[in-house]
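The next block holds one structure in the form of structure tokens; read it before the comments.
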Amino acid sequence: MAATVALGSMDISSSQKTSLVFVIAFIFAGLVLSTLVFPFWHLIREDVFEDVVILSNDDGICYVETVDKIPKTIENCMLEPGDSTTIKFGNGLAWATIVTP
């Protein structure tokens with residue numbers, strides 16, 4: 001014979017209520033960390049400094065080749081092709097800035 005439970009007549013103990021609150025709080029904290037905090041840290045990229053040679057200057061936009069094999073563009077560049085300089089760029093990004101000593 002199957003036992004039936006009337007709607008609204010199920011009682012839980014205080015320890016079960018405490019456990020339920022703890023589980024819900026744990027799940028909520030996990031959701032907050034996975035949606036807000038974790039992606040935020042991916043927005044902050046490591047700065048890389050590298051000595052490079054200017055390959056070309058096209059009306060103030062210089063192009064250089066870096067160790068990561070991603071060509072970098074440098075805006076407002078007054079250097080000539082063949083000049084050496086130090087640049088700063090975010091890891092994996094295609095733009096850079098010239099570091100002034």
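The values are calculated or read from the model by the stated rules, or taken from the named source; none is laboratory data. The structure displayed is predicted, hence computed values, not measured ones. Cβ: placed from backbone, ideal geometry, glycine included. Neighbour counts: every protein chain shown.
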- Query: Is one or more of the residues making up the stretch 73-84 among the hydrophobic types (A, V, I, L, M, F, W, C) and in contact with a Pro (Cβ under 9 Å, 6 or more places away or on another chain)?
  - Reply: no
- Item | Flag for Thr66 being within 27 Å of Thr100 (Cα to Cα), in contact with an Asp or Glu (Cβ under 8 Å, 6 or more places away or on another chain) and either in a strand (DSSP E or B) or modelled with pLDDT of 90 or more (or both) | yes
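Being of a type in the set (Phe, Trp, Tyr) and modelled with pLDDT of 90 or more is the filter here; which residues of the stretch 37-63 pass it?
Within the stretch 37-63, Phe49, Tyr63 qualify.
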- Query: What are the residue pairs meeting all of these: first residue in the stretch 45-58, first residue loosely packed, with under 11 Cβ neighbours inside 10 Å, second residue assigned to a loop (DSSP other than H, G, I, E, B) and not basic (Lys, Arg), Cβ atoms under 7 Å, and 6 or more apart or on different chains?
  - Reply: Glu46/Asn91; Phe49/Val99
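Within the stretch 32-40, can one find any residue that is surrounded by 12 or more Cβ atoms within 10 Å (Cβ to Cβ), out of contact with any Gly (no Cβ under 9 Å at 6 or more places or on another chain) and not in a strand (DSSP E or B)?
No, that holds for no residue.
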- Selection from the stretch 69-101 of residues aliphatic (A, V, I, L, M) and part of a loop (DSSP other than H, G, I, E, B) yields Ile70, Met78, Leu79, Leu93, Ala94, Ala96, Val99
